[in-house]
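One structure below.
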Amino acid sequence: MIWEFKQQLYISQRRVSPKSQERGLLREALTRALTRTHAMTADRRRSSDLLTPASIDDAKRGPLKKLTGSLGGTVPKHPELSWREGLGIRLDWADGRLWLLLEPRTVFEGITQGNRTAATDFARERTVRRYNPALNALLSFWSTLFACPERDILALGISAGVDAAFRLDDTTAYSGRGRP
């Protein structure tokens, strides 16, 4: 598999198959493209990026709100700890190609050693009843939102110079018994 960029710059398969600087560069560019295109914010972590809607009041987030009940707020008894519905994304190498992995999750802001347990308990309570149908619906929402098989999404959105362009297919992968 070869990744194509706007100015016909190619990164070969062998350079993204192991965890490498090139894969990190691809992840950063893809994260920028997704956040720019879909009005989201990103928090970079060691092996994944946490994406959340820039505004929880945006009308475009209505389908997500129907699935989760609420898109953000503060943790009860911890007004310094805010949360948003979001997802973790990362790039992983499997079956001879690079995959974008999506993980719906609750993303926190303001975590300290003193409130970490409250954040963990709150996230567990929000997600404990997300059995397969609910989790599948969330994954379907995010993958449909991000899919752009007919157009490029750009990392920087510049018309002159070099910019990373991505096309995300609308076909998702399955694992285990869910495989078609």
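FYI, it's all coordinate maths here, none of it is from the lab. The structure presented is a predicted model; accordingly, all values stated were derived computationally and were not measured. Neighbour counts are summed over all protein chains in view; Cβ atoms, including those assigned to glycine, are modelled from backbone coordinates with ideal geometry.
Neighbours of residue 99, meaning other residues whose beta-carbon lies under 10 angstrom from its beta-carbon, give a summed charge of 0 when Lys and Arg score +1 and Asp and Glu score -1.
If you place +1 on the Cβ of every Lys and Arg and -1 on the Cβ of every Asp and Glu, how big does the dipole about the Cα centre of the chain come out, in debye to the nearest 20?
Details: 29 positive and 20 negative charges, 88 e Å.
About 420 debye.
Could you compute the net charge surrounding residue 45? Neighbours are other residues with a C-beta less than 13 Å from the C-beta of residue 45; K and R count +1, D and E count -1. Write down the numbers at each step before the final one.
On the way: positive: 27, 44, 46, 90, 105; negative: 28, 43, 49, 103.
Residues near residue 45 contribute +1 overall.
The amide H of residue 81, built 1.01 Å from its N in the peptide plane, has 75 as neighbours under 5 Å, considering only residues 5 or more places off or on other chains. Sequentially through segment 82-96, phi angles give Karplus couplings (6.51, -1.76, 1.60; θ = phi - 60°) of 9, 9, 9, 6, x, 7, x, 10, 7, 9, 9, 9, 7, 6, x Hz, Gly and Pro residues having no value and appearing as x. Structure remark: mean-square fluctuation, Gaussian network model of the chain, C-alpha springs under 10 Å; the largest value among 69, 24, 96 belongs to 96. Taking θ as phi - 60° and the Karplus parameters 6.51, -1.76 and 1.60, the scalar couplings of segment 118-123 work out to 5, 5, 4, 5, 5, 4 Hz in sequence order, x denoting glycine and proline.
Computed from the Kirkwood radius of its Cα pairs, the Stokes-Einstein diffusion coefficient for the chain at 25 °C and 0.890 mPa s stands at 138 µm²/s. Remark: segment 74-79, residue by residue, has Karplus-estimated 3J(HN,Hα) of 10, 6, x, 6, 9, x Hz, where x stands for each Gly or Pro and the curve is 6.51 cos²θ - 1.76 cosθ + 1.60 at θ = phi - 60°.
With a Förster radius of 45 Å applied to the beta-carbon distance between residue 160 and residue 20, the computed FRET efficiency rounds to 0.95.
Put +1 on the Cβ of every Lys and Arg and -1 on every Asp and Glu Cβ in the chain; which of 118, 173, 143 then has its Cα farthest towards the positive end of the dipole? With unit charges placed on the Cβ atoms, the residue in question is 118.
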